[in-house]
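Presented below is the structure to which this report refers.
The values are calculated or read from the model by the stated rules, or taken from the named source; none is laboratory data. Predicted model only: the values in this text are computed from it and were never measured. Cβ atoms come from the backbone with ideal geometry, glycine included; neighbour counts cover every protein chain shown.
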Amino acid sequence: MTVCEYRPGLEGIPATQSSISYVDGQQGVLEYRGIGIEQLAEKSTFLETAYLLIWGGLPTPQELEGFEYEIRYHRRLKYRIRDMMKCFPESGHPMDALQACAAALGLFYSKRALDDPAYIQDAVVRLLAKIPTMVAAFQLMRKGNDPVQPRDDLSYAANFLYMLNEREPDPLAARIFDICLTLHAEHTINASTFSAMVTASTLTDPYAVVASAVGTLAGPLHGGANEEVIFMLQQIGSVEKVRPFVEDCVARKSRIMGFGHRVYKVKDPRATILQKLAEQLFEKFGQDEYYEIALELEQAVSEKLGHKGVFPNVDFYSGLVYRKLGIPVDLFTPVFAIARAAGWLAHWKEQLGENRIFRPTQIYTGPRNQSYVTLSQRPQIWDKNGQSPQPLTP
Ligand code: CMC
């Protein structure tokens, strides 16, 4: 075996072989199972795309109808899950609520019959069907309302917006939301997908796989960036303040949210599509106060950091779309999770096909052959700075 050098963040190191999606970061290309994201955004639906990702090919009309039927049938949540959610603090982040709910589903269904295609199919359907219901239910419950029951006559995207806003969405809004889900459904070995694969490789149940991926997606360097973008636009406040803001970030070497990507060194193709979707929404429902700031920011960052390959990523324009759809800022990342569950499940299924547990190595940098010092002989001072540990607040 060749010994590789240590690369922080495993940059450029293949963690698996996969036929699910392909990215060319220099050309700005993203394909799911070989089909360009632009075509899927224009012609497909999220559920059809999820089928493509998970089962490896576009469904026949009959297969798609069956898949959509199964998803509709499993949208409702068990009352015990709803009861559990009632105990969550309303100030808690919806990603934490979603992670807990995804894990809790495993209490009901975790047979771990991973060699049974019916178990795999059921898990895929249950997770895709119930995650949107969980997100919408938490939103209503934290406001003190009863969750709205899913509606079988509405599409996947329309039903989510209906459960969230308690009214049937405009057809354009529902279609645009569906495209957003398609755009976020999969993206090779990103952090949350890697987390899903590592968890999957232990042969645990798919609910644990998705729960671990949700926890990973929540961080601000990954899916959590979409809500940070809105806070940043809010903080900038006006077009005139954009360039001083960028100068300041560059001087302080701080990250500008919604920009930069490990793989893309040009504008993320999903950002290009999302920007067009945002403009369609603004045309029908009115401009967003932050859009002019966002445009100026894109221009200023490209001028200042374009030479480093720092351009808008998927999270830059998605928040502006979600705001127009009436989605609260702290639900942006859960909405990302609704979509990315398709990619996680595709990788879970692929991982099971040729599984070997992930067990990388490390380069040890600590001391060796130290003697154990008994408690009574240890100094009172805790660490090098002479600080004692602070007691935890209850
Ligand atoms: N703002 C300012 N400078 C940046 C940014 C940014 N957002 N992103 C990268 N750079 C600079 C970075 O400082 C570095 O410069 P230098 O070589 O002089 O030190 C150079 O570009 C390369 O960056 P890196 O740190 O090697 O990039 P990475 O691959 O480790 O990190 C990233 C990728 C996405 C974590 C990072 O670009 C970032 O923190 N972006 C902001 C958060 C964000 O928008 N995250 C969403 C990512 S896309 C969707 C998703 O995964 O959910």
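Are there any helices (runs of 4 or more DSSP H) wholly within the stretch 223-312 with 3 or more residues that are within 13 Å of the ligand (Cβ to nearest atom), more than 23 Å from the chain's Cα centre (by Cα) and surrounded by 14 or more Cβ atoms within 10 Å (Cβ to Cβ), and if so which?
Output list reads 242-252, 291-305.
Exactly one of (1) more than 16 Å from the ligand (Cβ to nearest atom); (2) under 26 Å from Tyr109 (Cα atoms) is unmet by Pro169. Its number?
For Pro169, the failing item is (2).
Kindly indicate whether any position in the stretch 42-58 is at pLDDT 95 or above, of a type outside the set (S, T, N, Q), surrounded by 18 or more Cβ atoms within 10 Å (Cβ to Cβ) and within 16 Å of the ligand (Cβ to nearest atom).
No, every residue in the stretch 42-58 fails to be at pLDDT 95 or above, of a type outside the set (S, T, N, Q), surrounded by 18 or more Cβ atoms within 10 Å (Cβ to Cβ) and within 16 Å of the ligand (Cβ to nearest atom).
Among the numbered conditions (1) in a loop (DSSP other than H, G, I, E, B); (2) without any contact (Cβ under 8 Å) to a residue 60 or more places away in the chain, tell me where Phe108 comes up short.
Only one criterion in (1) in a loop (DSSP other than H, G, I, E, B); (2) without any contact (Cβ under 8 Å) to a residue 60 or more places away in the chain is unmet by Phe108, namely (1).
Being polar (S, T, N, Q) and within 24 Å of Gly223 (Cβ to Cβ) is the filter here, so list the residues in the stretch 338-357 that pass it.
Selection gives Gln351 alone.
Can you go through Leu140, Leu114 and tell me which one is farther than 27 Å from Ala200 by Cβ and either in contact with an Asp or Glu (Cβ under 9 Å, 6 or more places away or on another chain) or modelled with pLDDT under 95 (or both)?
Leu140
Regarding the stretch 82-100, can at least one residue be identified that is within 24 Å of Leu47 (Cβ to Cβ) and surrounded by fewer than 18 Cβ atoms within 10 Å (Cβ to Cβ)?
no
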